[in-house]
Amino acid sequence: MKKTISLTLVLALCMVAKVAKADFTFGEPINLGPTVNSSAGDNAPYISADGLALYFHSVRPGGYGDKDLWVTTRPTTNDIWTEPVNLGPTVNSSADDNAPCISADGLALYFDSTRPGGYGEGDMWVTTRLTTNDPWTEPVNLGPTVNSSDGEGRPCISSDGLSLYFNSPRFGGFGYSDLYMTTRVTVEDEWGPPANLGPTVNAPNNDITPRISADGRLLFFTSSDRPGGFGLTDIWVTRRETINDDWGTPVNLGPNVNSSAKEPGLGISTDGRTIYFYSDRPGGVGGFDIWQAPIIPIVDLNGDGIVDAADMCIVVDHWGTDNQLCDIGPMPWGDGIVDVQDLVVLAEHLFEEIPPAGPGR
């Protein structure tokens, strides 16, 4: 049944209400199943911007080295994933090729590798193609400005292609491995000297596998042994209000995503509604499997257990502001302004009964 409510009715019904900070949570994780996952272990998923290709690395049979890059595709986002395909000997080598990351236009694939020709134990490389229908070209090392003798890995390119996040144990960090970022002025320019993301984000632990959201406001990453986790390796997120602000204190994704097993990394869909992560938790096909979980906005803004006109009123009361209470769309964490996008999200959940939410972030 289509749920609609006029803005006139919303304005008429607006009243003072007790409000709670809007937030988002995660739905129940689902294993991608034996078509995608194998008994050999499948790792570091990264979803393409159109949601039709999922890249990962695996030690499954049929590869060219110890670890190879693979991709599974689907015709539409409503279809199931097809049998994964190896990216072939032009991209993969006889060494370890790990953690693929596809650019928003689908024309550049970043990854880390222990292949010869690097500057450390592991370097970051990129392979490109002219169109999404063309084959990948011979990978190119990102060079000594970005790579070092200490080793770099788990690259993640921003949606505009101007920032590249990665992890490294290089000297000058705050833990065993820290998160860094390198930038460039245009996609035609060289990458600049990397900058450490600082002690608010990095801890005296092992921080790896950064994954930036499409709007650049959330940075997911994996941390081992950081206090406040649920297992030895958990996924965390740090947030900033705009891309010009500093990163906030990292928050654990919680027990729906993290478990007593290991969750070493994830990828996030462009619309911010789904995460793809890998874990060795029970219920999988191999040692590590790829799972997915929905990101769900918390839309019961006044905490009364139902999404209704009172919640609409809260949105209207804060119209045009950057109030985080009701900035819930189009991403589950909002876009920095309360507007029609937030009403659209509320309308999708109108009259739903909402169970009590746990503590917000």
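Taken together, the values in this text are just the output of simple stated rules run on the coordinates, not laboratory data. What you see is a predicted model, and the numbers here were worked out from it, not measured in a lab. In this analysis, Cβ positions are derived from the backbone assuming ideal geometry, glycine residues included, and neighbour counts consider all displayed protein chains.
Structure remark: mean-square fluctuation, Gaussian network model of the chain, C-alpha springs under 10 Å; the largest value among Asp215, Asp300, Asp150 belongs to Asp150. Less than 5 angstrom separates the built amide H of Ile268 from those of Ile47, Tyr276, all sequence-distant by 5 or more or on a different chain.
Here, P(r) means the percent of Cα pairs in each 10 Å bin from 0 to the largest distance; for the range 206-288 it is 19, 50, 27, 4, 0.
Backbone phi angles across the range 110-123, fed through the Karplus curve with coefficients 6.51, -1.76 and 1.60 (θ = phi - 60°), yield HN-Hα couplings of 9, 6, 10, 8, 9, 4, x, x, x, 10, x, 5, x, 10 Hz in residue order; Gly and Pro are listed as x.
Dividing the convex hull volume of the alpha carbon atoms of the range 27-298 by its residue count gives 120 Å³ per residue.
Each peptide among 271-281, 68-78 gets the average number of other Cβ atoms lying within 10 Å of its residues, and from highest to lowest they stand as 271-281, 68-78. Other residues whose C-beta falls under 12 angstrom from the C-beta of Ala40 contribute a net charge of -2, scoring Lys and Arg +1 and Asp and Glu -1. Using C-alpha pairs below 8 Å separated by at least 6 residues, the relative contact order for the range 202-344 is 15 percent. Which of Ile243, Ile337, Ile235 moves most in a GNM of the chain, Cα contacts under 10 Å? Residue with maximal mean-square fluctuation among Ile243, Ile337, Ile235: Ile243. Quick check: net charge around Pro169, other residues with Cβ under 11 Å of its Cβ, Lys/Arg +1 and Asp/Glu -1? Taking every Cβ under 11 Å from that of Pro169, the sum is -4. The alpha carbons of the range 184-250 occupy a box of 42, 23, 19 Å along the principal axes, longest dimension given first.
For the range 100-173, the equivalent ellipsoid derived from the Cα gyration tensor has semi-axes of 23, 14, 8 Å, listed largest first.
Put in line by how crowded their Cβ is, counting other Cβ atoms within 10 Å and starting with the fewest, Phe220, Phe351 read Phe351, Phe220. On the basis of the beta-carbon distance and an R0 of 30 Å, Thr90 and Val251 show a calculated FRET efficiency of 0.15. Measuring nothing but how far apart in sequence close Cα pairs (under 8 Å, 6+ apart) lie, relative to its length, the range 27-298 scores a relative contact order of 18 percent. Using equal-weight Cα scatterers in the Debye expression, the normalised intensity of the range 116-249 in log10 at q = 0.13, 0.17 Å⁻¹ is -0.57, -0.94. Under the convention that each Lys and Arg Cβ holds +1 and each Asp and Glu Cβ holds -1, the size of the dipole of the range 290-361 around its Cα centre is about 260 debye.
With K and R counted +1 and D and E -1, the other residues having a Cβ less than 15 Å from that of Gly198 yield a net charge of -1. Where the centre of each part is set by its Cα atoms, how far does the range 95-167 sit from the range 193-223, in angstrom? One Cα centre to the other: 17 Å. Among His349, His57, a tally of other beta-carbon atoms within 10 Å of each Cβ gives an order, fewest to most, of His349, His57.
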